[in-house]
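For reference, the structure is listed below as structure tokens.
The values are calculated or read from the model by the stated rules, or taken from the named source; none is laboratory data. Computed from a prediction, not measured in an experiment: that's the story for all the values here.
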Amino acid sequence: MSDTILGINFLQILLHAFNLVILVGGLYLLLYKPIQNFVKKREAYYVEQDNNAKQALEDAEKQKADYEEKVANVDKEIADKRTQAAKDTQDMVSSQLDSAKQQADEIVAKARKQAEEEKAKMVEDAQKEIASLAVLATEKLVNESSNMTTVDQFIKAAEGSDD
């Protein structure tokens with residue numbers, strides 16, 4: 001054993017070192033590298049999930065802002081429509097009141113005209129009746145008495161009843 005110095009066989013150490021390198025290389029290829037790839041894939045998966053969650057959150061916040069804006073616009077539109085409906089109702093009520101006043105004025109005017117016509121007719125009828133009564137009374141007086149004294153008495157009686 002001449003290659004051993006101080007009882008150390010360098011060939012044996014070299015073979016052990018070579019075995020160690022082969023073992024470390026094999027373990028690296030068989031265990032470390034697949035585990036490292038698995039960890040990288042897993043990390044990429046979680047980063048992607050985080051990015052997706054952040055994107056979904058941004059989209060949700062954007063939708064929420066859009067919905068809030070739409071709700072505000074709807075509230076404003078409802079208020080505008082209520083105002084318009086109140087105005088339309090007021091206009092309709094005003095027009096109906098105007099129409100009712102106009103109809104009432106027409107009815108009153110017709111009633112006045114009719115009342116005046118009836119009054120005129122009644123006055124005319126009364127005048128005709130008075131005239132016919134006067135004619136009858138005159139005929140009666142003339143028939144009853146043909147002398148002038150009764151006519152004079154009638155005239156005096158008529159003049160006395162007027163007082």
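Numerical summary
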{"quantity": "Unique match (being modelled with pLDDT of 85 or more and of a type outside the set (A, V, I, L, M)) among 149, 138, 83", "calculated": "83"}
{"quantity": "Options 106, 77, 118, 129; residue that is part of a helix (DSSP H, G or I), among the acidic types (Asp, Glu) and closer than 30 Å to residue 154 by Cα", "calculated": "129"}
